[in-house]
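Novice: Before I ask anything, here is the structure I am working with.
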Amino acid sequence: ILTASARFDHYEAFGGQTTGNIGAVYALTALSTRLRASYGTSFKAPTLSERFASSAFITPNPDLEPETSWSAEFGLAAAHPWGEWALNAYQTDVEDLIAFDPATLSPMNIDKARIRGLELWTSADLSGWLLDANLTLLDPRNESTGPNDGNLLPRRAEQTFRFDADRRFGQ
């Protein structure tokens, strides 16, 4: 299966921007094991609040630039009688990442950032319980030249784990 999409947005302050993605899924076996890959680009304009609206906790930054990025992802997934699982690895490179600067209490741009991640997800239906678990390992790095090169990006968890257990009890 192949998918592709494209989008064009026009911003009065930043002009036109085209983004898109392409993806492929390949069935490896009759047991519903799938290999998938995707590549995409994105554009995020700063919000009006980030650029112009003052509050008690945030100082606006009218010089804030939009962020642009590309992402690539590869994954393997399978369905079994007991449930499903998936393993995904990805990388996103961002230019002009919009981040919050606690020193100035205002949004700022980080020239270059790289975010690499690995996600493991599984879901199972056991004795009427729907169990769902997700583990994400993240390596978010500032790749701008200067003293912050190689530092972790602020306010991003390096590891997250989520476990849900759901059950329906009657009507």
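Novice: Across segment 120-148, what is the number of residues that are of a type in the set (Gly, Ala, Ser), within 23 Å of the chain's Cα centre (by Cα) and part of a strand (DSSP E or B)?
Specialist: 2
Novice: Here are some residues: Phe57, Phe43, Phe8, Phe14. Which one is out of contact with any Lys or Arg (no Cβ under 7 Å at 6 or more places or on another chain), within 30 Å of Asn109 (Cβ to Cβ) and free of Cβ contacts under 8 Å to residues at least 12 places away in the same chain?
Specialist: Every option except Phe8 fails the conditions.
Novice: Can I ask one more? Restricting attention to segment 86-119, which residues are under 20 Å from Thr47 (Cα atoms), part of a strand (DSSP E or B) and β-branched (Val, Ile, Thr)?
Specialist: Within segment 86-119, Val94, Ile98, Ile110 qualify.
Novice: Is it the case that some residue within segment 18-33 is within 18 Å of Asp96 (Cβ to Cβ), at pLDDT 95 or above and not hydrophobic (A, V, I, L, M, F, W, C)?
Specialist: Scanning segment 18-33, I find at least one residue that is within 18 Å of Asp96 (Cβ to Cβ), at pLDDT 95 or above and not hydrophobic (A, V, I, L, M, F, W, C), so the answer is yes.
Novice: Assess whether Leu76 counts as being of a type outside the set (D, E, K, R), farther than 30 Å from Ser144 by Cβ and open to solvent by 70 Å² or more (accessible area, probe 1.4 Å).
Specialist: no
Novice: Can you name every residue in segment 157-171 that is modelled with pLDDT of 95 or more, within 13 Å of Asn134 (Cβ to Cβ), open to solvent by less than 100 Å² (accessible area, probe 1.4 Å) and under 19 Å from the mean Cα position of the chain (by Cα)?
Specialist: Passing the criteria: only Thr160.
Novice: Residue check, Gly128 against (1) closer than 30 Å to Phe169 by Cα; (2) of a type in the set (Gly, Ala, Ser); (3) open to solvent by 70 Å² or more (accessible area, probe 1.4 Å), all met but one. Which one?
Specialist: (3)
Novice: Evaluate segment 45-68: report whether one residue or more is open to solvent by 30 Å² or more (accessible area, probe 1.4 Å), among the hydrophobic types (A, V, I, L, M, F, W, C) and part of a strand (DSSP E or B).
Specialist: Scanning segment 45-68 turns up no residue that is open to solvent by 30 Å² or more (accessible area, probe 1.4 Å), among the hydrophobic types (A, V, I, L, M, F, W, C) and part of a strand (DSSP E or B).
Novice: Looking at Pro140, Pro107, which is the one that is open to solvent by less than 80 Å² (accessible area, probe 1.4 Å), over 20 Å from Ala72 (Cβ atoms) and at pLDDT 90 or above?
Specialist: The unique qualifying residue is Pro107.
The values are calculated or read from the model by the stated rules, or taken from the named source; none is laboratory data. Just so we're clear, the structure is a prediction, and the values are computed from it rather than from any experiment. Neighbour counts are summed over all protein chains in view; Cβ atoms, including those assigned to glycine, are modelled from backbone coordinates with ideal geometry. The accessibility values were calculated without ligands, DNA or RNA, using every heavy atom of the protein model including side chains. Shrake-Rupley method; radii C 1.70, N 1.55, O 1.52, S 1.80 Å.
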